[in-house]
Amino acid sequence: MHMSKESASRTISEDSTISYEEFRAEVLNDYRIACESRQASLLGRKEVLTGKAKFGIFGDGKEVAQLAMAKVFRDGDFRSGYYRDQTFMFATGLLTIQEFFAQLYAHPDPVAEPATAGRAMNGHYATRLLDEQGRWKDLTAMKNSSADISPTGGQMPRLLGLAYASRLYRNNPELNKEQFRKFSSGGNEVAFGTIGDASTSEGLFFETINAAGVLQVPMAVSVWDDGYGISVPAKYQTTKQNISEILAGFERTEEKDGYFIFTAKGWDYPGLCEVYEKGIAKCRSLHVPVLFHIQEMTQPQGHSTSGSHERYKSKERLAWEDEYDCIRKMREWIISASIADDAKLDEIEAAAKKTVGEARKNAWDAMNNSIRSEFTKAKELVDALAMQSGQAVFINKIKAALDKSTDFERRDLAVCISKILRLVRYESSEAKTILISWFKSWRGQSAWLYDSNQYSESDEAALKVKPVAVEYGDEASLVDGREVLQANHDALLKRMPDLLFFGEDVGSIGGVNQTLAGLQAKYGDHRVIDTGIREATIIGQGIGLALRGLRPVAEIQYLDYLPYALQILSDDLACLQYRTRGGQKAPLVISTRGHRLEGIWHSGSPMAMMLGSMRGIHVLVPRNMTQAAGFYNTLLASDEPGIVVEPLNGYRTKEKLPLNPGEYRLPIGIPEIMTTGDDVTIVTYGACCRIAQEAVQQLSETGISCELIDVRSLLPFDIGHSIVESLKKTNKIVFIDEDVPGGATAYMMQQVIELQEGFRYLDAKPVTVTAKEHRPAYGSDGDYFSKPGAEDIFEAVYNLMHGYDPQEFPSII
Ligand SMILES: Cc1ncc(C[n+]2csc(CCOP(=O)(O)OP(=O)(O)O)c2C)c(N)n1
């Protein structure tokens, strides 16, 4: 490739006013970063193959395009990408080489490994958006990366929201206020996405591409195309084996909105710089989505350390990859453009090798030094114990294993000490007491490295939100439940300029149950918004908005459709605080409705599905709309995500209209005793409360007194352990819901019987009453024979009493 120095300098730099010397320095600096990144990949693989690290996945073969992308990435911008992006992270200054190795070694210290603190495998990038107290930093003053996840394509839904936030910040004048300055500078931020060519086969990719085209947001997606998804070539992945060709229908025309689509070769440094400069300028100024299809990329070391690509790539392909290696091509171009000679480039390469070697060593030493002192202390205490023990020979044998250990895993230490303490279980000595005390405290601290930040630990944590009582006038009017929510949301929208509701049918008609009726007309279509039918990206949209400081309420029309979004809820939202060790948060509120309708896909109460996959998101199950509103208000006063399952049969049920909508806050994790009683404790939630109430009435007619408890919130569950207090009185307990057998009732039972030690107070076996295993059948009879009704509850409780006192309660059937 030949080009003049002048045209080269114009092409490479966003700033065409720079001198030739500055241009040359920029090119050589890029070359240095590319070489360092390649060395990091090569050395990283060695570390895995020699057993120092467990697994490695690297960005070799993708370096040059990422240098070009980094040039147009500005403060305030966000990345949502995947495991190949190390060069971009180095080039933008978001990752040091030492941090790269710290992650490879899983160093559990957020200072050494700021992205995940040793919690995610290598190649999972993130920047810390929060300060030590969990408060937002000024995101406009730094470059940002949302936290990567492993499932391919999973970065796409969040990317949509990151881009959509710019649109809102630019177009909503109410957001042009001091309190939002740290999140956006007039909506000028671009959200950069990266994805492998094979991962574009995922539905999430297409759903996101379509949604961003509809919304016209500043989203720049780069497809790194190396022709394979692990071993499977493009012909099995992509129609026509060409993602930009098949996305051509999305391209913008004179008449219609759409995408700007660019293609470039992954080894063509000046060409890449040119397309990124051009594409991002349009994306940023016009708020138009842009697709960069970067072709002819390579993978010099194969997919990951788990296999070798010689198994599935032909000799010809391997030879081509060698010839078209992007760094080799960049070097050829530098020489042909007379920017530097061989000697200069050799010098840069040699220096890169040295720099990376040193950074690796520093990362390794830092990791080991942090544990070494703990080993030394433990060995001292074990020696002291051996001196005072009859088991010295055996103790020393176990300790010898510790002495031999060179890779200093805390796990090894924990195993050894546990075994030693078992040996001396019949002895007592001062040394033993000291060792036990040290061990307990050390084990607690070590566990904390991995068992913290599941939920917010900031002052705004949902559990710290102060409750506010609901207020009623002397003659509060009775209204439909949906009006209670509508009044609440109206008050919230008025008070919170950063709040927005969006989902299917949410905007123009105000929701399928009219809980937002009239509010779009009142607050505008940038506050109360219709979306396409696309549950996964509705959630992604919410995550991205929340990451950029807005307060989104994303609606999933019915709980039965949550599974479309479940992967993103589980893999992205629920573990965000955890996987960044408190470095990021996305306080997204999800609104949905469930229970008590009829039919296989319109009646679900798959609570165990949620409980098993959404730890990290509060799961709230109000029994009426006043409670639901109280939960929305609490969540929106906190910095945590939560889902509110409104009871579907409650929208037309009459409730009193509160005087303080948008203000009252219901505490989470606090059950409510609905009826007091002495014989049996009944624990339930949501729509089942009403059915249980009916059964309680019928049971009272047979002389059985029930204490009915509405748990109100499943995650967290009864944080004050109040249910066991009821059990102490009744000594009998029944758990009821309409999930599958062994579903959420089993979860509640575990919480009360095991965690709250309820087993101590039982006079009879604990009972669960649930729906059947099959999905609920349609029609009133189908419903009756599929889900628990008042008769089922009556029977279960009565039989329990019969077992306890057959004389007083003779069997009925
Ligand atoms: C949902 C999901 N399915 C499968 C995998 C396993 N997996 C990891 S990477 C990968 C190939 C991805 O190929 P591509 O998108 O082309 O990216 P490349 O690694 O080539 O850069 C697969 C199948 C995964 N991580 N997530």
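The values are calculated or read from the model by the stated rules, or taken from the named source; none is laboratory data. Since the structure is predicted, the reported quantities are computational estimates derived from the model, not experimental observations. All Cβ positions, even for glycine, are placed from backbone atoms using ideal geometry, and neighbour counts span all protein chains on display. Just the protein is used for accessible areas: all its heavy atoms, side chains included, with ligands, DNA and RNA removed. Shrake-Rupley method; radii C 1.70, N 1.55, O 1.52, S 1.80 Å.
Structure values in brief
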read-out	value
Given charges at Cβ of Lys, Arg, Asp, Glu: the chain dipole, positive-most of A147, V72, A366	A366
Residue-wise HN-Hα coupling along the range 247-254, computed from phi with Karplus coefficients 6.51, -1.76, 1.60 (Hz; x: Gly, Pro)	8, 4, x, 7, 5, 5, 10, 4
For the chain, size of Cβ-based charge dipole, Lys and Arg +1, Asp and Glu -1, in debye	1880 debye
Candidate residues I670, I294: accessible-area rank, largest first, probe 1.4 Å	I670, I294
Highest to lowest packing among 445-453, 381-389, scored as the average C-beta count within 10 Å	381-389, 445-453
Accessible surface of W601 - all protein chains present, 1.4 Å probe, nearest 10 Å²	150 Å²
Label point distance in nm, S306-D109, each placed 7 Å from Cα along Cα→Cβ	3.0 nm
The range 469-495 versus the range 747-788: alpha-carbon centroid distance in Å	33 Å
Dipole in debye (nearest 20) - the range 166-311, about Cα centre, beta carbon charges: Lys, Arg +1; Asp, Glu -1	400 debye
Of all accessible heavy-atom area on the range 431-516, the percent that carbon and sulfur account for (1.4 Å)	51 percent
Given charges at beta-carbon only (K, R positive; D, E negative), |dipole| of the range 644-717 in Debye	380 debye
Amide H contacts of T768 (H built 1.01 Å from N, under 5 Å, at least 5 apart or other chain)	F735
Formal net charge of residues neighbouring A384 (Cβ-Cβ distance under 12 Å; K, R +1; D, E -1)	+1
Alpha-carbon radius of gyration plus Dmax, which is the widest Cα pair, for the range 646-698 in Å	13.7, 39
Potential lengthening between D763 and M142 on full extension [0.36 nm per residue; Cα-Cα distance subtracted]	217.4 nm
Given K71/K329; K46/K329; K728/K772; K54/K361; K52/K354; K46/K265, the pairs whose alpha carbons are separated by over 22 Å	K46/K329; K728/K772; K46/K265
For the range 371-408 and the range 110-132, distance of Cα centres in Å	33 Å
Heavy-atom accessible surface of the range 189-259: percent carbon and sulfur, 1.4 Å	47 percent
J(HN,Hα) series, the range 400-414, from Karplus relation 6.51 cos²θ - 1.76 cosθ + 1.60, nearest Hz, glycine and proline x	4, 5, 5, 4, 6, 4, 10, 9, 6, 9, 4, 4, 4, 5, 4
Exposure of K654 as accessible area (Å², to 10), given a probe of 1.4 Å and all protein chains	120 Å²
C-alpha long axis of helix 269-286 to longest principal axis of the chain, angle in °	40 degrees
Fraction of alpha-carbon pairs over 22 Å apart in the range 251-388 - percent	68 percent
Amide H partners (placed H, <5 Å) of H618, local residues excluded	G642, I643
Rg/Rh ratio calculated on Cα atoms of the range 338-425 (Kirkwood radius)	1.39
Peptides ranked, highest mean first, by Cβ atoms within 10 Å: ranges 147-158, 696-707, 743-754, 785-796	147-158, 743-754, 785-796, 696-707
Largest-first ordering by accessible area, 1.4 Å probe, given options W442, W267	W267, W442
Projected label distance in nm at E773 and I335, using a 7 Å step from Cα toward the beta-carbon	7.0 nm
Ordering of 633-646, 509-522 by burial proxy (mean other Cβ atoms within 10 Å per residue, highest first)	633-646, 509-522
Using a Förster distance of 35 Å, the FRET efficiency for E358-S314 (Cβ separation, nearest 0.05)	0.35
Value of [θ]222 nm, deg cm²/dmol, for the chain, DSSP H segments ≥ 4, -39500 (n - 2.57) each, nearest 500	-13000 deg cm²/dmol
Calculated FRET efficiency for the pair F394/D571, C-beta based, R₀ 60 Å, to 0.05	0.85
Net lengthening on full extension, D525/E323 (0.36 nm per residue, minus Cα-Cα)	67.4 nm
Built amide H within the under 5 Å cut-off of L500, gap 5+	R551, V553
Dipole of the chain, positive direction: furthest Cα of M496, Q301, A771, with charges on the beta-carbon	Q301
Whole-number D in µm²/s for the range 421-539 (Stokes-Einstein; Kirkwood sum over Cα pairs; 4 °C, 1.567 mPa s)	66 µm²/s
Surface accessible to a 1.4 Å probe, per residue, for the residues of the chain, Å²	40 Å²
Accessible-area order (highest first, 1.4 angstrom probe) of the listed residues L547, L43	L43, L547
Surface accessible to a 1.4 Å probe, E316 within the full protein complex, Å²	130 Å²
Contour excess over end-to-end distance, with Cα ends at F206 and E132 and 0.36 nm allotted per residue	22.9 nm
Whole-Hz couplings from phi, Karplus 6.51/-1.76/1.60, listed for the range 616-627; x for Gly and Pro	x, 10, 6, 10, 10, 10, x, 9, 8, 7, 5, 5
Virtual spin-label span in nm between D505 and H721, 7 Å along Cα→Cβ	4.5 nm
Radius, Kirkwood style, for the chain when every pair of distinct Cα atoms is counted (Å)	29.5 Å
Cα centroid separation, the range 65-79 to the range 673-691 (Å)	56 Å
